[in-house]
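Coordinate-derived values only; no laboratory data. Fair warning: this is a prediction, and the values are worked out from it, not measured in the lab. Cβ coordinates were reconstructed from backbone atoms using ideal geometry, including for glycine residues, and neighbour counts include every protein chain displayed.
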Amino acid sequence: MSMALSTTILLSSLFLPRLVLLLSQATGGVWLSKWSISSICGGVSLIAIIGFLSYLMCSRFGCCEEEEINSESEEEAGLSDPDDPDMGPTANKFIQQGGPLPSELESLEAFSLRDLKDATKNFSWFHRVGKGGFGAVYKGQLSDGRWVAVKRSQVVGVSKRDSVFTSEIKTQAKSEHINVLKVIGYCVEYNERIIVFEYMAQKDLYGHLYLKPWQKKSQVFRSWSMRVKILLDAGRGLNYLHQKGIVHRDIKSPNILIDGDLVGKISDFGGALVLAPGRTSVKVEGGFGTSGYIKPGKQSKRSMKPQKAKNKEKTVVDSKSDLYSFGVVMLEVITGKKAYRLRKEFLKSNSKVNTVLDQRLAKPVGDDKMKAIQRLMYVAKVCLQPTPEIDMMAIVGELESALTLFV
C-alpha cells in the first residue's frame, strides 16, 4: 500500500507541473485558475487524470508518434518500396495506380511525407484547423519557416481518392488569382494524397460571422465596409474561375478564407468541374454542394459538409450553378443568419432592409449606404431565382459600386 502511494506522489510531482503549464497555455489560464490541484489528489482519480492529460501533452508536443505506415501491407498493396531509390515524393506507385502525375504538378513543390509530418507535429489534433468532405486541414510550419495549410485526403478507396486528388490539384494549380487560394505543393508518398496551400491566418468568413461566446469580435464582424470588401474579394475570385471555365459547385462562407491582410480567397476545389473549351455547360449524374447553399430540393440533410446526391438524374452544371450559393453567402453577410435559417418566406419577402440587417452590427449611417445594402440584398435574391438573369461579372460591378460608398 505504501509503495503504491509513493508511486502516485512521484508521478504527480513529475507530470503535474508541465501539464498545468501546458493547459494554461492552451486555455489562457481561464479555467485552470479555478482548478484546485489538491482537490483531485486522490489515488486512482489522480492516476486517471494524469493519464488523460499526458495524452494531451504528447499530442501537443508531438511526443506521441502517429502510427507509422505499415511497410509490409503497403508493399503488398503496391504502394511502397523502401528499397527503390527512385521512390521519392514525385515518383512512387501513384504512377502504377493512377497513371502519370498531372502535368500541373511540375510547377509545384514536391514534399516528402516526413517533411509534412514534422511541420504538423505528426498531424496533431492541436494543429488541425478544419475538416472538409475530402479530408482534414492542418496548420504547419515548414523547415524554412513558412506557415502552410496541409490538406490530407481521407477519401476511402484508391480510385476515388486519386480521382479527387487529381481533380482538385489540377483545377487549383492553374488558377492564379489574388482571390483564389494558392496551392504550393503536394505529397503522393505511399498511400497519402496531400495538398499544401498558403496559410490563411484569419481562417474563414463563416468563423467571423458566427463567433463563439468567448471569441473577440473581429474587424470583419464589426465593419460593414469590411463585410462588403470580403464579398467583393470572393466575387472577383469566383468571376475569375468562371472566365476560366471552372464551376466551383461548393461556394459557402466556410470556403471563403481570409489571409493576414484581410484579403478574401475562394478555396476547396474538391467538387469543381472544368468545362471543355467552347462549352458553357455539362451534364453530370446527381447534384453536389452543401445543404443550405444549394437550390431547395437538391439536398434535404442539414450539414456543413459537401454532399453528392444519390440519385442518378442528369444535372446541368454551368457558371450559374454557383450563383445560388453566392447569393446565400451575400445574405449571410447582410443578415447575420446562417444559411439554413434563411427561410423561403424571408427570401421572397419585400421586407425593408433595416428590418433584416444583422442586429449585432450598428446600422450603416446615411441613406446612400442603406440603399447600397438594399441593392445588394436585391442582387442576392436575383441569384436565388431558378434562372438568374445575372452573372458574376455584373455582381462584382454591384459590389464595387457599394464598396465605394463605405470607404
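Here the gap between residue 243 and residue 365, fully extended at 0.36 nm per residue and compared with their Cα-Cα distance, gives a gain of 40.3 nm. At full extension, residue 281 and residue 340 could sit 18.5 nm farther apart than now, given 0.36 nm per residue minus the alpha carbon distance.
In plain terms, the bigger the Kirkwood radius, the slower the diffusion; for segment 205-404, with that radius from Cα pairs, at 37 °C and 0.692 mPa s, Stokes-Einstein puts D at 190 µm²/s. Between residue 318 and residue 201, the FRET efficiency estimated from the beta carbon spacing at R0 = 22 angstrom works out to 0.05. Listed cross-link partners 170/320; 203/295; 151/212; 151/283; 229/371; 160/295 are compared with a 19 Å cut-off, the Cα-Cα value being larger for 170/320; 203/295; 151/212; 151/283; 160/295. Placing a label point 7 Å from the Cα of residue 178 along the Cα-to-Cβ direction, the residues of segment 193-225 whose backbone N falls under 18 Å of that point are 198-202. Here the gap between residue 125 and residue 144, fully extended at 0.36 nm per residue and compared with their Cα-Cα distance, gives a gain of 4.6 nm.
Residue order for 227, 146, 161, 236, fewest other beta carbons within 10 angstrom first, comes to 146, 161, 236, 227.
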